[in-house]
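Before any comments, here is the structure.
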Amino acid sequence: MGMQTQNLADSVRLTFGQERPPVNPFHIAREEGIILKPGICPGYDGRLEYIPNRARWILFYATGDESDPRTRFTIAHELGHYYIEEHANIIRAGQPHASHIDELGQRQRREEEANEFASDLLMPESLFGRAITDVAFDVLDRLCGMFGTSRASTARKMVQLTNHALSIVFIRDSVVQYAQHSAAMRVQGLVGIRKGDSIPNKSQTYLYMTTGKRDKAKAEIWASEWYGREKNRAGDRKIWEEVNGLGQYGYLTLLVYEP
């Protein structure tokens with residue numbers, strides 16, 4: 001949906017006075033008259049229902065911690081289903097919607113649209129873009145604190161909006177689960193990382209995964225180690241690699257090319 005989703009999210013955000021981060025999706029839901037029901041979500045993160053005889057919306061979610069980044073994203077995601085007209089009409093027609101929030105990769109169209117709305121609501125482009133001063137974990141974590149978002153969702157927004165040549169790689173069970181590349185990295189032709197790829201055994205990521213230690217917080221590595229499928233017209237190049245954990249969700253690696 002692109003700019004359409006951002007425009008919708010900006011309209012909602014500003015209507016409810018959420019001009020500065022962190023945006024409060026709970027405040028928006030309550031102002032809309034949506035009934036919030038925490039702790040009643042077995043097997044999923046959020047569920048949005050419409051009760052016709054009461055003309056009321058109910059949003060069930062898995063935890064009551066309103067400061068938790070995952071919970072905040074869940075509420076914003078369900079607000080996406082509420083505000084995107086097609087989604088709301090389907091739910092009004094009697095199809096309650098349950099969501100399992102997966103910030104690491106692609107999901108079915110409606111889920112991805114709701115994720116996009118949540119990202120645009122919590123990390124508005126007009127505010128987030130100006131806050132990207134570099135592409136490194138210290139900046140990423142500063143943005144997480146500023147916008148109240150997780151490393152995973154914040155990294156996805158960073159790679160969308162940065163002018164730097166950046167790839168983000170999510171790793172689980174010792175293989176690539178998902179990779180995304182900035183426009184500047186695509187210009188460099190460095191996009192050859194696929195789901196299911198093994199982790200290069202000369203990388204800091206491999207070292208960290210196997211030993212729990214790193215030689216350096218930020219290390220140089222040949223691009224061909226990660227992007228071996230790509231034939232670079234300029235030959236092999238050095239890139240910067242940083243890796244950190246995502247708890248139960250695995251690892252996140254940042255790959256940066258600096259010409």
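Structure values in brief
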{"quantity": "Pairs with Cβ under 7 Å, 6+ apart, first in the stretch 43-67 and surrounded by fewer than 21 Cβ atoms within 10 Å (Cβ to Cβ), second modelled with pLDDT under 90 and part of a loop (DSSP other than H, G, I, E, B)", "calculated": "Tyr44/His100; Glu49/Pro96; Thr63/Gly39; Gly64/Gly39"}
{"quantity": "Complete set of residues in the stretch 32-42 that are at pLDDT 95 or above and exposed (fewer than 12 other Cβ atoms within 10 Å of the Cβ)", "calculated": "Gly33"}
{"quantity": "From the options Thr5, Thr63, residue that is outside any helix (DSSP H, G or I), at pLDDT below 95, under 24 Å from Glu112 (Cβ atoms) and in contact with a Ser or Thr (Cβ under 9 Å, 6 or more places away or on another chain)", "calculated": "Thr63"}
{"quantity": "His81 vs. criteria at pLDDT below 90 and either more than 25 Å from Ala131 (Cα to Cα) or of a type in the set (Lys, Arg) (or both)", "calculated": "no"}
{"quantity": "Cross-chain or 6+ apart pairs with Cβ under 7 Å, the stretch 108-120 first and in the same structural domain as Arg13 (by TED's automatic domain parsing), then crowded, with 24+ Cβ neighbours inside 10 Å and of a type in the set (Asp, Glu)", "calculated": "none"}
{"quantity": "So Leu36, is it more than 24 Å from Leu127 (Cα to Cα), in contact with an Asp or Glu (Cβ under 7 Å, 6 or more places away or on another chain) and not in a helix (DSSP H, G or I)", "calculated": "no"}
{"quantity": "Any helices (runs of 4 or more DSSP H) falling wholly within the stretch 148-244 and containing at least 2 residues that are at pLDDT 95 or above", "calculated": "151-161, 183-187, 204-211"}
{"quantity": "Among (1) surrounded by fewer than 20 Cβ atoms within 10 Å (Cβ to Cβ); (2) farther than 21 Å from Gly250 by Cβ; (3) within 15 Å of the chain's Cα centre (by Cα), the one test that Gln177 misses", "calculated": "(2)"}
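The values are calculated or read from the model by the stated rules, or taken from the named source; none is laboratory data. Everything quoted here is computed from the prediction, not taken from an experiment. Please note: Cβ atoms are built from the backbone with ideal geometry, for glycine as well, and neighbour counts cover all protein chains shown.
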